[in-house]
Structures are given as structure tokens and as C-alpha cells.
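First comes the structure, then the notes that go with it.
What follows is calculated from the coordinates using simple rules that are stated; it is not laboratory data. Keep in mind it's a predicted model, so treat the numbers as computed, not measured. FYI the Cβ positions are ideal-geometry reconstructions off the backbone, even for glycines, and counts take in every protein chain you see.
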Amino acid sequence: MDWPLRFGIFLAPFHPVGQNPTLALERDLELIVRLDQLGFDEAWIGEHHSAGFEIIASPEVFIATAAGRTRHIRLGTGVSSLPYHHPFILADRMVLLDHLTRGRVMFGVGPGALPSDAFMMGIEPMRQRDMMEEALEAILALLDGEEPVNLRTDWFTLRDARLQLRPYTRPRFEVAVAAQVSPAGPRAAGRFGLSLLSIGATTAGGFDVLGSHWVTMEERAAEFGTTVDRRRWRLVGPMHLAETEERARQDVAFGLVQWVDYFERVAALPLAPNTLDPDKMVDALMETGFAIIGTPEMAVAQIERLTEQSGGFGTYLLMAHEWADREATLHSYELFAREVAPRFQGSTSSLVASRDWAAANRPDFIGAVGGAIMQAISDHQAEREAKRGQLAPRRD
């Protein structure tokens, strides 16, 4: 790739049931503040309404709170489930958030991930992807156009609709479409010329289709006369880092079993064999390439693997989790920022070159410094001798 990678997190979030939810949400906010300090580029916040683990119902409300505590990090909905909302209301709220964050907001969209959410609202799962694309078309028309929007579907109507407040970001904030295994996300992103957010990039199915997803993006862009850019493609995958692989494995014994159990029994995504042994779970997650639980060098290898498989992308997002306790989790992110991110950002090559140049020329520099020191000593002695001569009594 000819561009530096960007880095961030994808925060569902995942909090085991039985914990104090208020404190869990506070840890999420604390994490984003720390990532802002560490120089991470962005954080994407999820929307869920059932199943107990993923407890942020409104990414917009959460982002507004996080924006007030941070300075630089960009904040996105990761993702807003479009079938759950009237498109006019959601577009209007995102424009408000764009102003409140002074342009730090991003708008990630998807059809909705949890079947239990859709069930409670009476939404048929077979309709969700079509509903997402219908809502997305309406939202983009509201954001991009100056003319009133008229659109009728079987679940919403827009009648002479226009936004009274225009986006703070011109022409508008970035919009990204979520993708896992199906081509629905790449098809929508290509049609409208949007960014792509590959949430399942390291799952077996998601990894296998990375290349074909981008082909779909380019084909749809050509069909509809839009443009797509690999630098606006984000890949998501989980990691936990420590100084040694042994230490990382010990860390994740804290919460990995509960996390895998949630995906097995509730989210219906089998990730590891039916076992309560954290080491066996780590082995399974590592063997499939889904997760990295180990050292910064192992993280570097994973990102290189994703680069080769995808053909190039713009941002790697760490899937946020609490496999380890608070201190070990924050330390993992610091290790990533300190030792992994610079390898893909070109921020250390000039430092290495400067160090090597100084080392290679050290004899000359030391010789010059030594000569300057000796000259200073000689000049000092000469000055003292001259002063003694001036002060000596005269004998006539």
C-alpha cells in the first residue's frame, strides 16, 4: 500500500451480564479517552437493544458524551441499524451530532445484527437488507440535496422533506456501510460511493470474501457512476497484546470464556470448541486466524496477512472486548500504539535513519567535539597566562 494505515476500535460493546452496567459504560468512555491520548484515529460505537451483552442503545447519545471528553479522535456509529429508524429523524440527528462534534462524527450503517432486536419490533429478517438500502437512499438524498425529497416505501414516507440544518462537514460527514459475509454491504457501498466497514474481516467466512467484496464494490461503482477508495475501507479484528504470548494467554483467562459463550449461545456465531478451558479457546481462535492473543510482532503479522488477502485497505479497527481486566486491556492498547501502529504509519523510519547516520559519523563528530574541548582548554589557559602577565609587578 502507498498510504499509511489508520487505527481505531469497533466498540459493540461486550459486557458480560451480571456486571454493574453503569460502571461498564463508564469504562467504555474511559477507554475512548485513553485511545484519544494514545493517538488512535477513530472509534465506532454499536447499537443493540437486547441480549444483555451489547448495552449501548443509542450510539449518537454515547458519541455526544465521548466527544465532550476527547479532543482528536473521530467517532462513528458502528453501526446505526437503519430498519429500526425513520430515515428523516436519523439523518437530522446525525447532522446535529456533526455540529456538536465540530466534524468529528462518522455515520456507519447496517441492517441490524441481532435477530432478537428485529423480532421485538416486528421486522422480518428477510426484509432487513432491503430496508437498509431504502433508508440509506433516503438519508443520502436528504444530506446531499437542496431540493425536497419525496419517497414512499412500505415502511416509511418522505413528503417534501428537507433538513433545516445542513451538515457541519462539507459536503457531508463520511458514511460507511457494514459488511460481514453477504455481498449486501459492498453492493450498497458501491452503488452510493461510500466507505466499507468489514466487521467480520478475520472470521473464516469474512476473511475469504475480502477480495470479492472489493470487486463487488468496484463493479457497482462502475455501474452507478460512483467512485470507491480503498483508503476508506476498514477491517475489524480482535487482539489482546502483552510482552509475551504466555502473559497474553494468562490475561484473557479473565473474560474470554464468557465472551465466546455469548457468541455461541446468543449471537449464534460459533468461534471455538465447546470447552471451558481458556487455553483451548485461545488455540482455536488463533488457529483460524480470527484473533491475535500474543505479542506486538504477532499483531504486525496479522495486519500484513489482512493486507495481502484484501489487496489493501485504509484502517484497521481493533474489536473492543474485555477478555482481560481493565489494567491489562489498557496496556494492550498502549502496546499496540507504541509498537504496532508505527510500523504501518511510516513514523519511525526517519528516526531510525537519523540514529544510524549519527552512529556512522560518530568518530568524526567525537573528534570534532574533542578538538573543540581541547581548544577551549588551551584558550582558557592562554587567557589566564595573559592575565597573570598583566598583573605581575613591574621592576624598574
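Structure above, values below:
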| read-out | value |
| --- | --- |
| Rounded if a/c under 1.5, otherwise prolate or oblate - region 290-355, Cα gyration tensor axes | oblate |
| Reported label for calculated percent of Cα pairs over 40 Å apart given (1) 16; (2) 30; (3) 26 | (3) |
| Separation of the residue 2 and residue 116 label points, Cα + 7 Å toward Cβ, nm | 4.9 |
| At R0 = 45 Å, FRET efficiency that the Cβ-Cβ distance of residue 226 and residue 26 yields, to 0.05 | 0.65 |
| Most to least packed among 356-366, 86-96 [average Cβ atoms within 10 Å] | 86-96, 356-366 |
| Separation in nanometres of the label points that stand 7 Å from Cα toward Cβ, at residue 279 and residue 258 | 2.3 |
| Principal-axis tilt of helix 362-391 within the chain, Cα atoms, nearest 10 degrees | 40 |
| Value of relative contact order over region 221-345, rounded to a whole percent, pairs C-alpha under 8 Å and six or more apart | 41 |
| Protection proxy ranking of 9-15, 349-355 - average other beta-carbon atoms within 10 Å, highest first | 9-15, 349-355 |
| Stretch gain in nm, segment residue 368-residue 164, where the contour uses 0.36 nm per residue and the Cα spacing is subtracted | 66.5 nm |
| Whole-angstrom gap from region 182-216 to region 329-354, using each part's C-alpha centre | 28 |
| Bridge type composition, the chain - antiparallel percent by DSSP, nearest 5 | 10 |
| About the Cα centre, charge dipole magnitude for the chain (Lys/Arg +1, Asp/Glu -1 at Cβ), debye | 1480 |
| For residue 334, net neighbour charge (Lys/Arg +1, Asp/Glu -1) across residues whose Cβ lies under 11 Å away | 0 |
| Between 0 and 90°, nearest 10: helix 256-265 axis offset from the chain longest Cα axis | 20 |
| Rounded to 10°, Cα long-axis angle of helix 128-144 versus longest principal axis of the chain | 60 |
| Projected-area mean, region 131-229, by convex hull of Cα positions, square nanometres | 7.2 |
| Relative contact order (%) - criterion: Cα under 8 Å, at least six apart; region: the chain | 16 |
